[in-house]
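Below is one structure, written out as structure tokens; comments come after it.
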Amino acid sequence: MSKKTKNSKINEFNRRMFIKYGTGAAVVAASVGLPAPAIHAARKPVKIGFVSPQTGPLAAFGEADRFVLADANKALAKGIKIGKRTFPVEILSRDSQSNPNRAAEVAAELILKQEVNLMIGSSSGDTVNPVSDQAEANEVPCVTADTPWQIVYFGRGATPKKGFKWTYHFFWGIDDMLGVFMNMWNMLGTNKKIASLMVNDADGVVGGDPKRGFKPPMEGAGFAYVQPPLFQPGTTDFTAQINTFKKQGSEILTGIATPPDFSTFWTQAAQQGLTKQLKAATIAKALLFPPAIEALGDRGDGLTTEVWWSPSHPFKSNLTGKTSRDFANAYMASTGRQWTQPLGFKHANIEVAIDVLKRCGDPGDPNAILNAIENTNYESIVGPVSWKFGDRRNPVKNACRTPLVGGQWKRQSGGKFKYDLTIVENKQAQNIPIGGDLKPLS
């Protein structure tokens, strides 16, 4: 072996040692007589890859991202202590553009080029699933949130007995959401005839599945359920679905749709007389965000939705110390915009990741990070997060349930914002307080 080749191999070994272990590698290198990197060089940052939809049809999910990241970076300005060493933290944010192919592309870039230590991702199966798949394929630890767990677990091909090694998720489940929906409808005294509107995307495919979706539990609870074929995103004419629902005499509308698609449907439903017969309209995903409700004008009043997080939730961040209300107020004061549900889960995704890294012992060892994920037992701003228990909180190995309640959009008089999301149902999470009574659609 030539001297040049030998030195090249030694330098490459030393480079890898430094990347993995930071300045501590200088000691190892010196002890074996190898050229050491500069001992005063800055310690290599711990990198977290962050993927969410910041543009496109799902952009409302990413509306609070900039604020959340700025707030987290402020809390992490002095780095985090892992073992006896302190490491700087970099959160590398990427936009999925509401496109699953783009989500996979940017996740791969973060993993393969940026060499992130831990991946996080959120906001619908169209982002979470491809990000998780990239992490699983490349054996990179990954924690995701803000998508019903069945969409992330079964939607990626897992079975009740066989899950994933590298990818873990926390959020409520479709069954939790349907329980909240039916609890609200039972409070209104309807004819129990349900019209279901399902989009053909990662969320809608699972929600519309005849065995694992909305249909079995709703029919099992005594509701009559009608679901036309899944509609394509961007559909401009919903006449066929509206006619089906009118013929059935439905008094309940449910389903899964993006805000733009539901806006198109709801306008046509009003024009064609469907809204006159409805007592409840409870659509997952589409009715979560204040701008989407305001865009409906007066037709937003009385719509109902699942509530995953709000200023009323009795939890706080163990990263910043802010309560749910403190965090929502800080967001509104900083941006001038109304609080939005993903605000809490975006922050929780980061704080859980930081907790994992603090406990891992060695951020350069993916298996050490994975072990820390598996042993998580953390109190976050959205509630407890753990993958340890194997009870109802953990229906499968890779999922942790978080609490869910029901809310109704109510028009405000004289306030800064046109509508307020009021918690009206809490049977499954009674520690989250009710804020008002449920009213039928006017």
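Here are the numbers for this structure:
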item	result
Contour excess over end-to-end distance, with Cα ends at Lys358 and Arg66 and 0.36 nm allotted per residue	102.7 nm
Under-5 Å amide H pairs with Asn398, H placed in peptide plane, nonlocal only	Phe164
Charge tally in the Cβ shell below 14 Å around Phe50, where Lys, Arg are +1 and Asp, Glu are -1, Phe50 excluded	-3
Computed over the stretch 110-231, the ratio Rg/Rh where both radii use C-alpha atoms and Rh is Kirkwood	1.06
Cα-projected label distance for Lys247 with Glu374, points at 7 Å along beta-carbon direction, nm	5.4 nm
Cα pair distances exceeding 13 angstrom across the stretch 106-160, given as percent	53 percent
For the stretch 312-391: span of alpha carbons on each principal axis (Å, largest first)	42, 31, 18
Distance (nanometres) between label positions extended 7 Å along Cα→Cβ at Ala240 and Asp391	4.8 nm
Cα-projected label distance for Lys162 with Glu139, points at 7 Å along beta-carbon direction, nm	1.9 nm
Debye intensity ratio in log₁₀ form over the Cα atoms of the stretch 204-283, taken at each q of 0.17, 0.22, 0.26, 0.27 Å⁻¹	-0.68, -1.15, -1.51, -1.57
Whole-number percent relative contact order across the stretch 101-237, with pairs defined as alpha carbons under 8 Å at least 6 apart	19 percent
Gaussian network model of the chain, Cα within-10 Å springs - most flexible of Leu287, Leu58, Leu274	Leu274
Alpha-carbon centroid distance for the pair the stretch 412-427 / the stretch 292-328, whole angstrom	9 Å
Structure-derived semi-axes √(5λ) of the Cα gyration tensor in Å - corresponding label in [x] 38, 30, 21; [y] 41, 26, 21; [z] 45, 22, 19	[z]
Gain in span if fully extended, Gln271 to Lys427, counting 0.36 nm per residue against the direct Cα distance	52.6 nm
Fraction in percent of alpha-carbon pairs per bin - 5 Å, the stretch 295-442	2, 9, 15, 18, 18, 14, 10, 7, 4, 2, 1, 0
Unit charges at the beta carbon, dipole of the chain: most positive-side option, Thr340, Ser52, Val405	Ser52
Within-10-Å neighbourhood charge of Gly406 [Cβ basis; K, R +1; D, E -1]	-1
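Throughout, read-outs are computed from the coordinates displayed, never taken from laboratory work. This is a predicted model, so every value here is computed, not measured. Every residue, glycine among them, receives a Cβ derived from its backbone with ideal geometry; neighbour counts consider all protein chains shown.
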